[in-house]
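Let me begin by presenting the structure, written as structure tokens, before commenting on it.
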Amino acid sequence: MGGLFAVRTLLVKPTLFNAFIVIDPTLDWNKSAEIARAEKFFATRKDLQSDLFITAANDFGDVPSSAKRLAAILDQKVPRGFRWHFEWMKDETHVSIPLRSIYVGLETIFDGWHLTDPLTLFDKGGLPAIRRHFREGGERCGYDRMTQPFTISLLVAGLIKKGRLEEASNVLLHDPIHYPAPWNQLDALARAYADRGNSQEAIRFYTLSLKQNPSNDWARKKLTGMGVSVEAKSPDAPR
């Protein structure tokens, strides 16, 4: 939202929004009343579950003095749960800065919303750490958030790539109600076990894959090749 309006909303009604993007605010207005209000607000506020992203345009080769003062206040003391970031966009003017501010601001506020490398977090704390990541991210936005199914699939793919097949199988089958195993990942795990020479586990996961997707002729062919009797695909099976 706009610079001065966003600052005023945060200081007067901080629970109205979860996050604020303050774009090149004109804080010198009214004898810097908003800066004085901010200093008093942050000196007395103990808890605040919000995000604040502030930008400033180029002010004749420097950061605007009012923006420096606000950043200095935030540098001294902020409430628990409050996250803030200030960015001087020296290549922007007051006219050009909104688009970039909104884009970068949203990226900053939602940093960590998606896990691009769940394997790293898994290695630190297992599935509980990943669940906590999504739960806490949802709490910041005011609602319950479960771990994304795609994150589980991404984690399984990473474990298979690293050759950690036992861990991959445990994760893949850990919660069949909320996270039913995709047939193609069951297939991938079966192939990995077959490459390792573990035919028993390969048969197990090819069988599970075929159960999930009766049209999976690849799994049917592999099972037959390993001496497992498999019924032919029924005429009314999904194609």
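We did not get these values from a lab; they are worked out from the coordinates using the rules stated. Keep in mind that what you see is a predicted model, and the values were worked out from it rather than measured. Because the Cβ atoms are built from the backbone with ideal geometry, glycine has one as well, and the counts that use them run over all protein chains shown.
Data for the structure
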{"read-out": "Share of alpha-carbon pairs per 10 Å distance bin for segment 68-121, given as whole %", "value": "18, 37, 33, 12, 0"}
{"read-out": "Zone of Asp144's modelled label, taken as backbone nitrogen in segment 169-196 under 20 Å from a point 7 Å along Cα→Cβ", "value": "175-180"}
{"read-out": "Loop GluC sites (Glu not before Pro), segment 58-155 (other Cβ atoms within 10 Å of the site Cβ: 12 or fewer; DSSP)", "value": "none"}
{"read-out": "Long-range amide H partners of Ala19 with built H, under 5 Å", "value": "Asp51"}
{"read-out": "Difference of contour (0.36 nm per residue) and Cα-Cα distance, Ala33 to Lys211", "value": "57.3 nm"}
{"read-out": "Modelled FRET efficiency - R0 45 Å, Phe60 with Arg135, Cβ distances, 0.05 increments", "value": "0.45"}
{"read-out": "Packing-based order for 209-217, 127-135, using average beta carbon neighbours within 10 Å, highest first", "value": "209-217, 127-135"}
{"read-out": "Environment charge at Thr108 (Cβ cut-off 10 Å; Lys +1, Arg +1, Asp -1, Glu -1)", "value": "-3"}
{"read-out": "Protection proxy ranking, peptides 172-179, 218-225, average beta carbon neighbours within 10 Å, highest first", "value": "218-225, 172-179"}
{"read-out": "Gained length - Val228 relative to Lys40, 0.36 nm times residue gap less alpha-carbon distance", "value": "60.2 nm"}
{"read-out": "Paired Rg and Dmax values of the chain, which use every Cα atom, in angstrom", "value": "26.5, 85"}
{"read-out": "Full-extension gain in nm, Ala72 to Asp47, via 0.36 nm per residue minus C-alpha separation", "value": "7.1 nm"}
{"read-out": "Relative contact order computed over segment 182-239 (Cα-Cα under 8 Å; 6+ residues apart), in percent", "value": "30"}
